[in-house]
Amino acid sequence: MACTSCSTSDGGAPKGCKNNGTCGTDSCNKLTVFDWLSNMSLPNGDAPFDCVEVRFKNGRKEFYRNTEKLTLSMGDIVATVASPGHDIGIVTLTGELVKIQMKKKGANYLGNEIPKIYRKASQKDIDIWSAARDREEPMKVRARELAIAQKLEMKISDIEFQGDGSKATFYYTANDRIDFRALIKDFAKEFSTRIEMKQVGFRQEAARLGGIGSCGRELCCSTWLTDFRSVNTSAARYQQLSLNPQKLAGQCGKLKCCLNYELDTYMDALKDFPDFETKLVTEKGDAICQKQDIFKGLMWFAYTNNFANWHVLKIEQVKEIVAENKLKNKVSSLEDYAIELIVEPEKNFNNAMGQESLTRFDQPKPKKKANKKRKPAGENAIVANNNKPANNNNINRQNSNDKKPAEPRKPIIITKNVDKK
């Protein structure tokens, strides 16, 4: 969902609104909420809800109380309370839907601790805010250089200026606790502003920076994901995924959050399956499970004395054998219960239209044979090769079993007498 100014220009290239995060309709930003109550009027005598939702840089949202009874709508730029000074943000939600959002996030809308909105931002406030935002990128490069000079094992991922330009918040990631007191002094001396350091997790860093995942889409944490649940390798085991760290890790270096998306469905499907450690007792020997197919309801078993030969059983047949084993009865063999899987023939698509292959240019061109004829040695010498066969077909008529080496050809040199004048 995008605003009308984010359409494509001539030639199909994306035009973009070029508002740099201050889009008027606020539909290009992270975690945008659609106000489905905007077209509904309140009953007579009811006052509108006096709290609004305000968005800051990188999707950070806070709730503020409209004590001045300002007429606010989505996309308005407002000045809010900050410590110290004031901050500049964009209104993203108003009305009764804000109350639902506050209940969802556990904010007490009846308390007095909710900060308030000063006013709508003036043109001077917007100019100061834009100038502060322009300083963030070069300041981040210089801050990283100062951190590397002090040999601190930390990464400064982003910088956020307050709306009035009086304070800069440095977001960083680190594996251990960092003593950055000397670094703050260097920052204050270098940038001449109030410094605040804030540590974020690796997943929060990826959410702030954004990017493209291995699926080809934007990162979930930077578009719609709000809570980061713990992910462990057992989620990959239940889904029978390869325990390859390079495939299971995201751009943050941690396990992908999408491993939890289908985990509940797999867990519900596995409730009907016998335990993976189930051992089947037969007269031919004991058999253990080697593989499961959750979607088809199949299990592969192999005898302990012959792991190379697998037998496919349905889960109903496995439960039947387990019930017999609980009665201390042995079944004859797995072959009596095994089923044969029908291998679907491979689909070979023929070129019915007579079109040429797309890979015809991938094959190397055949090399031309070099001309082995010798040039004349001198002005008075002519080299003639009389041993050359008259017809090449004579070579093909030779017996293929005759592997005797051919005799070398002897050149005949013919000299001419030149009369001297």
Tabulated pairs, segment 184-196, first of a type in the set (Ser, Thr, Tyr), second modelled with pLDDT of 90 or more and surrounded by 14 or more Cβ atoms within 10 Å (Cβ to Cβ), C-beta under 6 angstrom, 6+ apart or interchain = Thr193/Ala168
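Every residue, every condition in (1) acidic (Asp, Glu); (2) part of a loop (DSSP other than H, G, I, E, B); (3) surrounded by 11 or more Cβ atoms within 10 Å (Cβ to Cβ), yes or no:
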residue: Ser157; (1), (2), (3): no, no, yes
residue: Gly163; (1), (2), (3): no, yes, yes
residue: Phe170; (1), (2), (3): no, no, yes
residue: Asp186; (1), (2), (3): yes, no, yes
request  = Could you identify the single residue in Lys296, Lys254, Lys284 that is under 23 Å from Ser332 (Cβ atoms) and either charged (D, E, K, R) or open to solvent by 50 Å² or more (accessible area, probe 1.4 Å) (or both)?
outcome  = Lys284
inquiry  = Please count how many residues of segment 64-100 are touching a residue at least 12 places away in the same chain (Cβ under 8 Å), within 37 Å of the chain's Cα centre (by Cα) and within 12 Å of Phe49 (Cα to Cα).
reply    = 8
Subset of segment 197-212 (residues that are part of a strand (DSSP E or B), within 15 Å of Lys155 (Cα to Cα) and open to solvent by 70 Å² or more (accessible area, probe 1.4 Å)) = Lys198, Gln199
request  = For Gly210, state whether it is closer than 26 Å to Ala82 by Cβ and within 29 Å of the chain's Cα centre (by Cα).
outcome  = yes
message = Out of the residues in segment 213-237 meeting the condition of being outside any loop (DSSP other than H, G, I, E, B) and within 14 Å of Cys258 (Cβ to Cβ), tell me which one is most open to solvent (accessible area, probe 1.4 Å).
response = Glu218
ask   = Looking at Glu335, Glu340, which is the one that is farther than 29 Å from Glu262 by Cα and modelled with pLDDT of 85 or more?
value = Glu335
query = In this structure, is Ile128 within 27 Å of Glu68 (Cα to Cα), β-branched (Val, Ile, Thr) and not in a strand (DSSP E or B)?
reply = yes
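Taking into account only those residues within segment 238-251 that are assigned to a helix (DSSP H, G or I) and in contact with a helix residue (DSSP H, G or I) (Cβ under 8 Å, 6 or more places away or on another chain), which is most open to solvent (accessible area, probe 1.4 Å)?
Tyr238
The values are calculated or read from the model by the stated rules, or taken from the named source; none is laboratory data. This is a predicted model, so every value here is computed, not measured. No Cβ is skipped: glycine too gets one built from the backbone with ideal geometry, and neighbour counts run over all protein chains shown. Side chains included, ligands, DNA and RNA excluded: accessible areas come from the protein's heavy atoms. Shrake-Rupley method; radii C 1.70, N 1.55, O 1.52, S 1.80 Å.
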